[in-house]
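Enquirer: This structure is in structure tokens; I'll ask about it shortly.
Taken together, the values in this text are just the output of simple stated rules run on the coordinates, not laboratory data. This one's a predicted model, so the numbers in the text were calculated from it and none came from an experiment. Here the Cβ positions follow ideal geometry from the backbone for every residue, glycine too, while neighbour counts run over all protein chains shown.
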Amino acid sequence: MKKLIVLLTLFCVILASCEKKEPEGYTASINAMDTVAFVRVYDEKYAAFADECTELMLQLEAELSVTLTGSRVYHLNKNGSVPSTEHLKAITGYALELKDKTFGAFDPCIYPLVRLWGFTEENDKKRVPSEDEIIETLKKASESKLYIKNDNLYISNGGAVDFGGIAKGYAAKLMLEILKENGVDAALIDLGGNIQTVGSKSDGTPWNIAIKNPVEDGYTCYLSLGETAVVTSGSDVRYFIGDDGKKYHHIIDPKTGYPSDAGIISVTVIHEDAAIADGLSTAFFVLGIEKSLEIAEHYGAEVVVIENEIISITKGLQDKFTLDESAKDKYNLKVLD
Ligand code: ADP
Ligand code: MG
């Protein structure tokens, strides 16, 4: 089942260009961070740097995983503190900034709730907790504080940290740096729903990125973009059906302790910094469209939101956006002001 979910994640967002005949190149792939990741360089001479990227993903997982018993985050959650590292400092900086800028919708201290619902390998028994359990766990999560002091990372009040809402974005950002520093001028990083384009295609045309239809096979729309991160969060990949027949997905509203319920099926964020795009896509899924727009504007991010019958896009995407034929009957297109 896990494999299937991983595969579904993998195909969540793909490049439409992949459907055409590929030019020569090299693809490194790795199974890490609960997904299958691909780094494709379009010139084989850069193969070693693609491999460097996937190795980095493994290293990051070994530091950031909540479930690997040797990881720094595992120790942090067990002992309340851990010696920091360059990556831990950087990702904590991102996480705390995003928590602040998203009115707490992105919350790295969410792990007690993620664990309670069973959205982790540590407690892979997904279930709807009782109201009392949620109230108690919510209190614990909301009262805990993540901070850095004297080169140590701390989580207070018996809380627990989860960088899962930002880790792949952070990894993609570092991969972009590796590839750029080494002169790679055309590459594609696909970390299961987290896409980073690198440079431009050899024929000079923009990258063409397809966003999956979240409720059935196929795609809803295509984005024509330069070098950027494109990150999707949705309720369609990681979820379970409760005994009550309802669907419960893996993004938790830190204010209620329940999976968020803002009416969004999937939200895609386009931003030059993959870590920001990743954090924002998780937060926007919790916040709903209106509040998300203010934040998107602050960051200069563009957004595609899919609801039941509406696809909303920010203004900056108007001339970069094409609706798929199959989606034209089902969705109304709305441009957000
Ligand atoms: P995915 O990891 O499926 O690509 P996201 O980037 O949206 O999707 O991250 C979801 C993960 O983030 C969850 O599996 C969980 O580990 C964590 N998470 C859940 N709710 C929140 C939240 N409100 N803030 C920060 N992280 C969250
Ligand atoms: Mg995210």
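Enquirer: Which of Ile189, Thr220, Asn308 sits farthest toward the positive end of the charge dipole of region 150-309, with +1 on the Cβ of Lys and Arg and -1 on the Cβ of Asp and Glu?
Expert: Ile189
Enquirer: Right, another one. Under unit Cβ charges (Lys, Arg +1; Asp, Glu -1), what dipole magnitude, rounded to 20 debye, does region 37-153 have relative to its Cα centre?
Expert: Taking the Cα centre of region 37-153 as origin, the dipole is about 360 debye.
Enquirer: Given 37 °C and 0.692 mPa s, how large is the Stokes-Einstein diffusion coefficient of the chain in µm²/s, with Rh as the Kirkwood radius over Cα pairs?
Expert: Answer from the Stokes-Einstein relation: 162 µm²/s.
Enquirer: Rounded to the nearest 0.05, what FRET efficiency is calculated for Asn79 and Lys291 with R0 set to 25 Å and r the Cβ-Cβ distance?
Expert: FRET efficiency, Asn79 to Lys291: 0.10.
Enquirer: Would you mind calculating the gained length between Glu55 and Tyr258 on full extension (0.36 nm times residue separation, minus the Cα-Cα distance), in nm to one decimal?
Expert: Using 0.36 nm per residue and subtracting the Cα-Cα distance, I get 69.6 nm.
Enquirer: If neighbour count is taken as other Cβ atoms inside 10 Å, put Glu63, Glu122 in order from fewest to most.
Expert: Ranking Glu63, Glu122 by Cβ neighbours within 10 Å, fewest first, gives Glu122, Glu63.
Enquirer: Something else: Give the separation of the Cα centroids, region 75-154 to region 241-255, in Å.
Expert: Value for the Cα centre distance between the two parts: 19 Å.
Enquirer: Sticking with this one: Give me the aspartates and glutamates in straight-line cross-link reach of Lys45: C-alpha distance below 15 Å, same-chain residues under 8 apart excluded.
Expert: Glu24, Glu181, Asp185
Enquirer: Quick one: net charge of His249's neighbours, Cβ under 13 Å, K/R +1, D/E -1?
Expert: +1
Enquirer: Would region 128-216 count as rounded, prolate or oblate if I go by the C-alpha gyration tensor, calling it rounded below 1.5 in a/c and otherwise prolate when a/b exceeds b/c, oblate otherwise?
Expert: Verdict is oblate for region 128-216.
Enquirer: Answer rounded, prolate or oblate for region 250-337, using the Cα gyration tensor with square roots of eigenvalues a ≥ b ≥ c: rounded when a/c is under 1.5, else prolate when a/b is larger than b/c, else oblate.
Expert: Since a/c reaches 1.5 but b/c is at least a/b, the shape of region 250-337 is classed as oblate.
Enquirer: Using alpha carbon coordinates only, what is the Rg to Rh ratio of region 223-272, with Rh defined as the Kirkwood radius?
Expert: Dividing the radius of gyration by the Kirkwood radius yields 1.10.
Enquirer: A 30 angstrom limit on the alpha carbon distance is what I want to check against. Which of Lys247/Lys334; Lys89/Lys315; Lys78/Lys212; Lys101/Lys140 exceed it?
Expert: Correct reply: Lys89/Lys315; Lys78/Lys212.
Enquirer: I need Phe285, Phe38, Phe240 ordered by Cβ neighbour count within 10 Å, fewest first.
Expert: Arranged by neighbour count, lowest to highest, Phe285, Phe38, Phe240 become Phe240, Phe38, Phe285.
Enquirer: When we measure straight from the Cα of Lys246, which aspartates and glutamates land under 17 angstrom away, once same-chain ones fewer than 8 places off are left out?
Expert: Correct list for Lys246: Glu131, Asp236, Asp261.
Enquirer: Could you list Ile264, Ile251 in order of exposure, starting from the residue whose Cβ has the fewest other Cβ atoms within 10 Å?
Expert: Fewest-to-most ranking of Ile264, Ile251: Ile264, Ile251.
Enquirer: Decide, for region 205-310, between rounded, prolate and oblate: order the square roots of the alpha carbon gyration tensor eigenvalues as a ≥ b ≥ c, take rounded if a/c falls under 1.5, and otherwise choose prolate if a/b is larger than b/c, else oblate.
Expert: oblate
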